[in-house]
Amino acid sequence: MGMTFVFDVVNVLIGLVIILLIMLTGGSLFSRLTKFDDMKEIRGGNEAAGIYMGSKLLGLSIIVALVSLGSHDWWAMIGWSVVGIVVLSLVYVLFDLVTPKLDVCKEIEAGNKAVAQLLRSVIVGVSLVIGTILM
């Protein structure tokens, strides 16, 4: 076990702290965009709310992972993660605007898993594209 191993372990620990902070920040900001209490719905067993929140966090993870592949700079990872949070927030707002006959928040709060699955696909797809662009 040389210094390389210790250096790698320290990097993994730093990465874990950063990704946890990014997820907490992203999750908190994403929750503020919805018109219902995400955690209350999830604790109550609303699968649609869980799918939706999980896909936002998955999308953010995809962006962070792809950015990390292209850069080994912690500050770049943090900066581009902020961009990812903003982009995913805009995706939600734009999706809501372009689907005026579909009240996303009401549907998810009502447990509509079809809407949650649709949003998951949009979020993951956009995250892959954005993450690839940022690599």
Selection count, segment 87-135, where residues are of a type in the set (S, T, N, Q), farther than 30 Å from Trp74 by Cα and free of Cβ contacts under 8 Å to residues at least 12 places away in the same chain: 1
Hits in segment 75-97 (condition: under 16 Å from Asn11 (Cα atoms), surrounded by 13 or more Cβ atoms within 10 Å (Cβ to Cβ) and at pLDDT 85 or above): Ile78
Any chance Val98 is of a type in the set (A, V, I, L, M) and under 24 Å from Thr25 (Cβ atoms): no
Residue match in segment 74-92 (condition: of a type in the set (Gly, Ala, Ser) and outside any helix (DSSP H, G or I)): no
Conditions (1) surrounded by 14 or more Cβ atoms within 10 Å (Cβ to Cβ); (2) more than 17 Å from Thr34 (Cβ to Cβ); (3) not small (Gly, Ala, Ser): number failed by Lys56: (2)
Ile14 being more than 20 Å from Ile130 (Cβ to Cβ) and touching a helix residue (DSSP H, G or I) at 6+ places or on another chain (Cβ under 8 Å): yes
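The values are calculated or read from the model by the stated rules, or taken from the named source; none is laboratory data. Note that the structure is a prediction, hence the values are computed from the model and not measured. Counting neighbours? That spans all protein chains shown, and the Cβs are built from the backbone with ideal geometry, glycine included.
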